[in-house]
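Colleague: Sharing a structure here in structure tokens format.
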Amino acid sequence: MKKTIKEQKAVLIILLSNIFIAFLGVGLIVPVMPSFMDIMHLSGKTMGYLVAVFAVSQLLMSPLAGRFVDRYGRKKIIIIGLLLFSVSELIFGLGTNVWVLYLSRVLGGFSAAFIMPGVTAYVADITSVQERSKAMGYLSAAISTGFIIGPGIGGFIAEYGIRFPFFFAASIAFLACITSIFILKEPLTKEQLAEISANTKQTNFISDLRRSINPLYFIAFIIVFVLAFGLSAYETIFSLFSDHKFGYTPKDIAAIITISSIFGVIIQIFMFGKIVDILGEKKLIQLCLIIGAILAVASTVVSSFLAVLVVTCFIFLAFDLLRPALTTFLSKAAGKEQGFVAGMNSTYTSLGNIVGPAMGGILFDVNIHYPYLFAAVIMGISLGITVMWKEKRLVESLAE
């Protein structure tokens, strides 16, 4: 019988810290974007590509990483991911040429491809089905907090130097790597890993994509993709939009994002389970998409600092509630294929993150409002896709 979450608090804290640090580093780049654009004479398009290349490398590595998680164990893959992440942040902090920044983001994408499925599979292994949604809620909160509060921390630390946030991220990632080596224990035995590995040995990227088309997973994966697509387009441009339209400083941007993050995480940790019990996963996802689309449009017309803060708080909250709903469903549907499903979850996220920032950067150069309107359209499309989500069929499949 698996231990309860309370009995495994120390392990969960380490796992949540690892995923938090990984997504913290992803967000650190956001508040320094305007400064980098000025110093290195970069366009919005180039900055969008800089974010997108991270997702490209994550996409290419995610299917392999998912299989590695099932073949070599969760712990090893998490440690490798943290080490790669530390190196990538150090390189970014030292970079003075654009190609060095791209190299850093490639390594960063590889690290995310290792860390995300490794931690997700580890959490799924050590929790019971009854507590899975609560654990995934915590995991999603850690991801959301890192991704959203990253720009906030980056903005504050940047006061000591424009490159200091990256040296800070490299240091804490290396510390997390060392801590994981000594505290984490592999949750599966060698025999269990060998059994899972035998079932996935002959797979490749194309076959994994074909497996993901299974009706049990596919609609959820498509929503993961579209969510990442719209969210990354919105978040990538946020600091540039705030700087160009309102003249906000890195501290202003950091304050908005930090407050929004705290608000979202509090709701996510303490109310997510209750909201799912009341609405169900499908209705919650649809409600969040509707709110997200409306607020993305509202972002183009609000002007006061307070209005921007309120809109940002609620649009980030909508995204924060979407993630655990999707992740929990996929984890429950995965059974013994936790590595595969977590890897493909990362793959579809990467696909969305590739197109979203690049498209957002291109649209920003045309009109600063277009990325937000674009995000609203994408969320509207997502809402349409959820209509095809046959909830009863999925529940029956899970019960089999």
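Colleague: Please go through the stretch 71-103 and give me each residue that is out of contact with any Pro (no Cβ under 7 Å at 6 or more places or on another chain), crowded, with 22+ Cβ neighbours inside 10 Å and charged (D, E, K, R), ordered by number.
Modeller: Passing the criteria: only Glu89.
Colleague: Which one is surrounded by the fewest Cβ atoms within 10 Å (Cβ to Cβ) among residues in the stretch 132-144 that are in contact with a Phe, Trp or Tyr (Cβ under 9 Å, 6 or more places away or on another chain) and farther than 16 Å from Ile13 by Cβ?
Modeller: Ser133
Colleague: Out of all the residues in the stretch 1-50, which are of a type in the set (D, E, K, R) and either modelled with pLDDT of 70 or more or more than 28 Å from Ile79 (Cα to Cα) (or both)?
Modeller: If the condition is that a residue be of a type in the set (D, E, K, R) and either modelled with pLDDT of 70 or more or more than 28 Å from Ile79 (Cα to Cα) (or both), then Lys9, Asp38, Lys45 are the ones that fit.
Colleague: Regarding Ile115, is this residue buried (at least 24 other Cβ atoms within 10 Å of the Cβ) and under 22 Å from the mean Cα position of the chain (by Cα)?
Modeller: Answer is yes for this residue.
Colleague: Moving on. Suppose we filter Ala333, Ala293, Ala307 for residues that are at pLDDT 75 or above, over 17 Å from the mean Cα position of the chain (by Cα), surrounded by fewer than 21 Cβ atoms within 10 Å (Cβ to Cβ) and in a helix (DSSP H, G or I); which single one remains?
Modeller: Criteria check complete, one pass: Ala307.
Colleague: Still on this structure, I have one more. Do we have Phe147 as buried (at least 24 other Cβ atoms within 10 Å of the Cβ), in a helix (DSSP H, G or I), touching a residue at least 60 places away in the same chain (Cβ under 8 Å) and not basic (Lys, Arg) here?
Modeller: yes
Colleague: A further question on this structure: For the stretch 217-252, enumerate the residues that are part of a helix (DSSP H, G or I) and polar (S, T, N, Q).
Modeller: Selection gives Ser232, Thr236, Ser239, Ser242.
Colleague: Looking only at the stretch 155-199, which residues are of a type in the set (Val, Ile, Thr), at pLDDT 80 or above and more than 21 Å from the chain's Cα centre (by Cα)?
Modeller: Hits for the stretch 155-199 are Ile157, Ile178, Thr179, Ile181, Ile183.
Colleague: Any residue at all in the stretch 112-119 that's outside any helix (DSSP H, G or I) and either small (Gly, Ala, Ser) or in contact (Cβ under 8 Å) with a residue 40 or more places away in the chain (or both)?
Modeller: Looking through the stretch 112-119, none of the residues is outside any helix (DSSP H, G or I) and either small (Gly, Ala, Ser) or in contact (Cβ under 8 Å) with a residue 40 or more places away in the chain (or both).
Colleague: Being surrounded by fewer than 20 Cβ atoms within 10 Å (Cβ to Cβ), of a type in the set (Lys, Arg) and either without any contact (Cβ under 8 Å) to a residue 24 or more places away in the chain or within 24 Å of Leu351 (Cβ to Cβ) (or both) narrows it down to one residue among Lys283, Lys251; which is it?
Modeller: Lys283
The values are calculated or read from the model by the stated rules, or taken from the named source; none is laboratory data. Please read all numbers here as calculations on a predicted model, not as lab measurements. Note that each Cβ is placed from the backbone with ideal geometry, even for glycine, and that neighbours are counted across all protein chains shown.
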